[in-house]
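J.: Just dropping this structure here.
The values are calculated or read from the model by the stated rules, or taken from the named source; none is laboratory data. This one's a predicted model, so the numbers in the text were calculated from it and none came from an experiment. Here Cβ is always computed from backbone atoms with ideal geometry, including for glycine, and neighbour counts include all displayed protein chains. To get the accessible areas, we keep the full protein, side chains included, count just its heavy atoms, and leave off ligands, DNA and RNA. Shrake-Rupley method; radii C 1.70, N 1.55, O 1.52, S 1.80 Å.
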Amino acid sequence: MIASVKDWIESTLLEQDRIAFEKIGPQRLIFKIAHRAPLVSLFLDPPPVASVDWVRCGGGPLTDSLFERLSPVVSPRQCTWFFVSMPQDEYTVLKWVAPLNMATWNSSRLYAFENAGSEGGAQSLCLAIGTESLLVFTLKDGFEIAYYGPDGLWEEIVSALYTHGSR
């Protein structure tokens with residue numbers, strides 16, 4: 001199964017000099033924060049405080065709440081993680097592909113960005129939900145979480161994130 005998903009990613013989403021997520025559907029932004037500074041500056045100049053709209057679960061971190069609230073949406077579906085980088089924003093590289101199991105559906109998966117090296121350029125951690133939807137975490141001049149895909153699943157995501165009774 002991983003080989004067929006990898007083929008789909010390479011043939012559908014990756015172009016030589018860009019990642020074409022919009023081929024799956026329009027971008028729907030879940031979260032975005034801009035920060036244009038070298039990483040070392042974070043020791044002195046932290047990024048601005050993020051404004052988050054989704055409902056927090058318990059008293060835990062907002063990142064954990066995101067994963068917890070979206071669990072009912074992703075758990076019944078065939079999902080695959082993959083990581084793409086664009087060194088110096090010049091070309092695309094598919095770094096790895098791995099199946100989702102619920103043990104990897106948590107905020108520690110975001111450590112993929114720390115392990116990607118310092119080659120510069122955009123980096124995207126993606127969750128393919130089947131071959132019709134994507135949840136994309138992108139690090140480039142800030143951090144962004146976006147959904148690409150059909151309206152039906154987007155409505156489930158919105159309901160899970162923003163409805164008080166969903167978790």
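J.: Does PRO38 satisfy the condition of being modelled with pLDDT of 80 or more, over 16 Å from the mean Cα position of the chain (by Cα) and open to solvent by 80 Å² or more (accessible area, probe 1.4 Å)? Lay out the reasoning, then the answer.
T.: Details: modelled with pLDDT of 80 or more: no; over 16 Å from the mean Cα position of the chain (by Cα): yes; open to solvent by 80 Å² or more (accessible area, probe 1.4 Å): yes.
Judged against the criteria, PRO38 is not a match.
J.: Output the qualifying pairs, or none if there are none: Cβ atoms under 7 angstrom, residues six or more apart or on different chains, first residue in the stretch 41-69 and under 18 Å from PHE31 (Cα atoms), second residue modelled with pLDDT under 70.
T.: VAL55/HIS164; CYS57/ARG167; GLU68/ARG167; ARG69/SER166; ARG69/ARG167
J.: Would you be able to tell me the number of residues in the stretch 93-127 that are modelled with pLDDT of 90 or more, closer than 19 Å to GLN16 by Cα and either part of a loop (DSSP other than H, G, I, E, B) or in contact with a Lys or Arg (Cβ under 8 Å, 6 or more places away or on another chain) (or both)?
T.: 4
J.: Here's something else I'd like to know. Report yes if some residue within the stretch 128-144 is modelled with pLDDT under 90, polar (S, T, N, Q) and not in a strand (DSSP E or B); otherwise report no.
T.: Yes, because at least one residue in the stretch 128-144 is modelled with pLDDT under 90, polar (S, T, N, Q) and not in a strand (DSSP E or B).
J.: Could you look through the stretch 145-167, keep only residues that are among the aromatic types (Phe, Trp, Tyr) and modelled with pLDDT of 95 or more, and pick out the one that is most open to solvent (accessible area, probe 1.4 Å)?
T.: TRP154
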